[in-house]
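Q: For reference, the structure I am asking about is given below.
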Amino acid sequence: MLQIKNRYFVDTCNRLVHFRGINLSNNSKFPFLPPLPTNESRNLYSTKTISFQGRPFPLQEADNHLRRLKYLGFNLIRLLVVWEAICPNSPENYDERYLDYLVELVKKMREYEFYVLIDAHQETWSRFSGGSGAPMWTFEQIGFEVRQFHEAGAAFMHQHTLHYNTRFWEANYAKLASATMFTLFFAGSDFAPLTCIQGENIQHYLQKHYLKAFQQVALRLASFDHVLGFEVMNEPSAGWIGQQDIRQLETQYRFGAMPTPLEAMASGSGNVCKVSNYTFDRWGRPKLKGKVLLNHRGIKVWQNGVKCIWKQHEVWDIDKNNLPVALKPNYFAQKHGQKVDFIQQYYLPFVKRFVEMIHRINPNKWIGIHQVREQPPLNWQQIDIKQAFFAFAWTDQVTCRTQKYHAWLNYDHKQQKILCTQKAIMTSFATQVKEQQEKATQLNKNAPAICIKTGIPFNLNKQKAYKTNNFDHINQALDFLLKALESQQQPYVLWNYTHNNRNDYGDGWNLEDYSIFSLSQRGKERDLYTGIRAIEALARPYPLFLAGKLTCLEFDYKKHILKIVFEHFEGVHAPTEIFLPEVHFPEDSLITVSDGKFEFMPYKQKLIYHHSIEKFIHTITIKRN
């Protein structure tokens, strides 16, 4: 059983555990039966017969995939579980077959010695609002007609357009469907007191059923020690809570048609609105293109006889000129005469409820807490959460937003500075990672951080690697990203492994193509590396268990050289175990140690190093012969 001690993850021998993880999987965001990737619109709204049993992959295929991931050196699996998978049809009608499948899958992961984190996953609330997560019934309970979202501009969905770009989905956080649901989920009792389900306010109703759903998962996995813990919610949003003026566009992420909250409310009620339209410049910064019409056909997203929730609460109305007008422009900015503090008033109380639910079942489970999107840095010292870690997502923003990689050119969005050398780029990347680590100390001075999502799109530069079968620029981009994390000794989880990825539709979700594996890259041979993309930069050596504090980890994937330096902990006599991928370090590799003794087991891709107690600092160098 691993523990969290003094910002580190330690095993029973008091060795530091270094995580190299993989997310399973981007296709876990949509059903397995019938298969409903986002490029497929048929049966999208038929939720009565759907099942996520088989996500991330069928149980009978699990050995093949887990063996491959183990061979690549991963020791941690972040397992995506969406609310919709647990109860797709109604609040407490749990899919027992899916839950049974999860248990068997997690058992199988134990056979391959994986640690597991359960990710309560979502993006932009639900796949019916352009992302993933919540079931369709959450919309229907408050009177939304989800089939009208795309045409009315309440969400921009891949399923309903041929002109889709993978950068569209994140903009849905600011649109009517997602923003309304997050506002209701976290603060419905304050901002929508009239919205009740069977006499219960919508906030309490939604939170109650969210907690009950993930309670089902926690109960079934409680006895598995290799299941380390649960994340409260992936990349949560405040919705419109804290919005200073509903007539203004305050969100930072802007791409495509971007209505203000007032315009979003009005268009959802059947009004045609002219809204700002954005693209990205070469640095991934939002750039205003002009104006576009939203909901040009005047479609309503509310069910017959249902009035817009925000109109019911007199936030807005239509004036005598038939134009939308804000009656309470700062409605979401203050309550009871006080400025709204989303984190303290709404987010942390929910986090505490989630923690209490998990720890009633098993008090030893870790809790992963995310930063809230576009909210200020958190100060969580006021709450005492045992076994907590800070979960953050980080990647090369310019490369991901522009879908282009330039080895010598990047941009620091915080400093608003162009970076023209690899040294400057690496310094910027390392600083960004360090800033995330510092946020963990605000959660708790002893809390560690895990980068739970990092990676690159493999279809960079207009799918150049697929057309030429040359992945050199992909290797370079991935190596640079991972070196920044390794330079800060940052545990990370790569995004992602999708077992049925193809070059044409990527991972199957909103045209994302981040999978380290693809059916399109498989050759005739069927070894463990078949189908792996950019394996040179991906298969990386690292200390699995370290008998001390790491002071240096340097790896050159082109020269096949590894250098590890560490200071041993007094009283720790267990050996250091290092993963050495055979793609870089075959049996005849040259190994040099400063002291002690070692055993190289190439068939296990592992080096066992016993340090001497006479020396405090130990150096291990490995070179390909």
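Q: Go over the candidates His163, His150, His121 one by one and state the one that is buried (at least 22 other Cβ atoms within 10 Å of the Cβ) and either farther than 24 Å from Ser28 by Cβ or touching a strand residue (DSSP E or B) at 6+ places or on another chain (Cβ under 9 Å) (or both).
A: Details: His163 fails: buried (at least 22 other Cβ atoms within 10 Å of the Cβ); His150 fails: either farther than 24 Å from Ser28 by Cβ or touching a strand residue (DSSP E or B) at 6+ places or on another chain (Cβ under 9 Å) (or both).
Within the list His163, His150, His121, the selection yields His121.
Q: Pick from Gln416, Gln397, Gln436: which is on the phi > 0 side of the Ramachandran plot, of a type outside the set (Lys, Arg) and out of contact with any helix residue (DSSP H, G or I) (no Cβ under 6 Å at 6 or more places or on another chain)?
A: Numbers: Gln397 fails: on the phi > 0 side of the Ramachandran plot; Gln436 fails: on the phi > 0 side of the Ramachandran plot.
Only one candidate passes the filter, namely Gln416.
Q: Quick one: is Gly239 touching a Phe, Trp or Tyr at 6+ places or on another chain (Cβ under 9 Å), part of a loop (DSSP other than H, G, I, E, B) and in contact (Cβ under 8 Å) with a residue 40 or more places away in the chain?
A: yes
Q: Continuing with this model, one more query. Tell me which residues, restricted to the range 64-90, are open to solvent by 10 Å² or more (accessible area, probe 1.4 Å), within 18 Å of Phe32 (Cβ to Cβ) and free of Cβ contacts under 8 Å to residues at least 60 places away in the same chain.
A: Asn64, Asn89
Q: On to the next question. Scan the range 576-599 for residues that are free of Cβ contacts under 8 Å to residues at least 24 places away in the same chain and open to solvent by 40 Å² or more (accessible area, probe 1.4 Å) and jot them down.
A: The first filter runs over the range 576-599 and keeps only residues free of Cβ contacts under 8 Å to residues at least 24 places away in the same chain, leaving 582, 587, 595-599.
The answer is Glu582, Glu587, Gly596, Lys597, Phe598, Glu599.
Q: Just for the range 1-37: of the residues that are open to solvent by 30 Å² or more (accessible area, probe 1.4 Å) and of a type in the set (A, V, I, L, M), which one is modelled with the lowest pLDDT?
A: Taking the candidates together, the pick is Met1.
Q: Taking the range 127-147 as the search range and keeping residues that are crowded, with 21+ Cβ neighbours inside 10 Å and of a type in the set (Phe, Trp, Tyr), which one is farthest from Ser237 (Cα to Cα)?
A: Checking each candidate, the answer is Phe144.
Q: In the range 385-442, which residue that is charged (D, E, K, R), closer than 28 Å to Arg78 by Cα and open to solvent by 20 Å² or more (accessible area, probe 1.4 Å) is modelled with the lowest pLDDT? Break it down stepwise before answering.
A: Restricting attention to the range 385-442, the residues satisfying the condition of being charged (D, E, K, R) are 386, 396, 401, 404, 412, 414, 417, 423, 434-435, 438-439.
So of that shortlist, the ones also closer than 28 Å to Arg78 by Cα come out as 386, 396, 401, 404, 434-435, 438-439.
Next, only the ones that are open to solvent by 20 Å² or more (accessible area, probe 1.4 Å) stay: 386, 401, 404, 434-435, 438-439.
On the way: Lys386: 77, Arg401: 94, Lys404: 95, Lys434: 95, Glu435: 93, Glu438: 88, Lys439: 85.
In this case the residue turns out to be Lys386.
One line per residue, one yes/no per condition, for (1) farther than 21 Å from Tyr603 by Cα; (2) at pLDDT 95 or above; (3) of a type in the set (Gly, Ala, Ser):
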| position | (1), (2), (3) |
| --- | --- |
| Ala539 | no, yes, yes |
| Pro543 | no, yes, no |
| Gly548 | yes, yes, yes |
| Leu553 | yes, yes, no |
| Asp556 | yes, yes, no |
| Val565 | yes, yes, no |
| Ala574 | yes, yes, yes |
| Pro581 | no, yes, no |
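Q: State all residues of the range 311-359 that are of a type in the set (Lys, Arg) and either closer than 30 Å to Gly298 by Cα or open to solvent by 50 Å² or more (accessible area, probe 1.4 Å) (or both); if no residue qualifies, say none.
A: Here is the first cut: in the range 311-359, the ones of a type in the set (Lys, Arg) are 311, 320, 328, 335, 339, 352-353.
Within the range 311-359, Lys311, Lys320, Lys328, Lys339, Lys352, Arg353 qualify.
Q: Against the definition (open to solvent by 30 Å² or more (accessible area, probe 1.4 Å), farther than 17 Å from Phe616 by Cα and without any contact (Cβ under 8 Å) to a residue 12 or more places away in the chain), how does Glu536 come out, yes or no?
A: no
Q: Could you look through the range 484-500, keep only residues that are out of contact with any strand residue (DSSP E or B) (no Cβ under 6 Å at 6 or more places or on another chain), buried (at least 20 other Cβ atoms within 10 Å of the Cβ) and touching a residue at least 60 places away in the same chain (Cβ under 8 Å), and pick out the one that is nearest to Gln159 (Cα to Cα)?
A: Result: Thr498.
Q: Restricting attention to the range 168-202, which residues are touching a Ser or Thr at 6+ places or on another chain (Cβ under 7 Å) and without any contact (Cβ under 8 Å) to a residue 24 or more places away in the chain?
A: If the condition is that a residue be touching a Ser or Thr at 6+ places or on another chain (Cβ under 7 Å) and without any contact (Cβ under 8 Å) to a residue 24 or more places away in the chain, then Gly188, Asn201 are the ones that fit.
Q: In the list Tyr346, Tyr405, which residue meets the criterion of being touching a residue at least 60 places away in the same chain (Cβ under 8 Å), under 22 Å from Gln490 (Cβ atoms) and out of contact with any strand residue (DSSP E or B) (no Cβ under 8 Å at 6 or more places or on another chain)? Let's see the steps before the verdict.
A: Values: Tyr346 fails: under 22 Å from Gln490 (Cβ atoms).
When all the criteria are applied, what remains is Tyr405.
Q: Let me confirm something: among Phe471, Phe517, Phe480, which residue is at pLDDT 95 or above and open to solvent by less than 10 Å² (accessible area, probe 1.4 Å)? Walk me through how you get there before you give the answer.
A: Values: Phe471 fails: open to solvent by less than 10 Å² (accessible area, probe 1.4 Å); Phe480 fails: open to solvent by less than 10 Å² (accessible area, probe 1.4 Å).
After ruling out the rest, the residue left standing is Phe517.
Q: Among the candidates Lys445, Lys462, which residue alone is open to solvent by 30 Å² or more (accessible area, probe 1.4 Å), among the charged types (D, E, K, R) and under 26 Å from His18 (Cβ atoms)? Working first, answer last.
A: On the way: Lys462 fails: under 26 Å from His18 (Cβ atoms).
One residue alone meets the criteria, Lys445.
Q: On to the next question. If a residue has to be open to solvent by 20 Å² or more (accessible area, probe 1.4 Å), closer than 29 Å to Val82 by Cβ and in contact with a Leu (Cβ under 6 Å, 6 or more places away or on another chain) to count, how many in the range 224-277 make the cut?
A: 1
The values are calculated or read from the model by the stated rules, or taken from the named source; none is laboratory data. Just so you know, these numbers come straight off a predicted model, no measurement behind them. Reconstructed Cβ throughout: ideal geometry from the backbone, glycine too, with neighbour counts over all protein chains shown. Just the protein is used for accessible areas: all its heavy atoms, side chains included, with ligands, DNA and RNA removed. Shrake-Rupley method; radii C 1.70, N 1.55, O 1.52, S 1.80 Å.
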